[in-house]
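Chemist: Here it is, the structure in full.
The values are calculated or read from the model by the stated rules, or taken from the named source; none is laboratory data. Note that the coordinates shown come from a computational prediction; the quantities given were computed from them, not determined experimentally. Note: accessible area is taken over every heavy atom of the protein model, side chains too, but ligands, DNA and RNA are not part of it. Shrake-Rupley method; radii C 1.70, N 1.55, O 1.52, S 1.80 Å.
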Amino acid sequence: MMFPQVSSVFFNWMDSVQMKVVNRTAVDFESQEDVLDITTFEAVITPMKSKDVDRQPENLRIWKWWDMWSTTDFGIDTVIQDPSGTQFRVRSSTDWSQGGYFHVTMTEQPNGL
């Protein structure tokens, strides 16, 4: 089955986004962050619709949820950081690469986690 190439639809909506891919580990009972990669990709990031947030696990509904339509795929539990220092954890990634994009859901990480 041939999947339609729809990446051109997002052409005028997407912006170039630069994010750091962060790895956080515990060292001597303190959190240490290492930047694994700084990547630039095309994406649209929007707040998740409230009806979709209601479908998330109950203990995670209080977090800020985001949808990202991107040309780049990120693995689940990847932590990415925008230039202002806000960190997001990838919760799911749907592969629509045959259509030219990936749908990524992520939560905004509370400070200190």
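Chemist: When only the heavy atoms of the protein chains count and the probe is 1.4 Å, how do ASP15, ASP37, ASP28 rank by accessible area, highest first? Working shown, then result.
Modeler: Numbers: ASP15 100, ASP37 80, ASP28 135 Å².
Largest accessible area first, the residues go ASP28, ASP15, ASP37.
Chemist: Read phi for every residue in segment 86-100 and hand back ³J(HN,Hα) as whole Hz from Karplus 6.51 cos²θ - 1.76 cosθ + 1.60, θ = phi - 60°, with x for Gly and Pro.
Modeler: 6, 9, 10, 10, 6, 9, 7, 9, 10, 7, 10, 4, 5, x, x
Chemist: Excluding residues on the same chain fewer than 8 positions from LYS20, give the aspartates and glutamates whose Cα lies under 15 Å from its Cα.
Modeler: Answer for LYS20, where 15 Å is the Cα cut-off: GLU33, ASP34, ASP37, GLU42, ASP73, ASP77, ASP82, GLU108, listed by chain and number.
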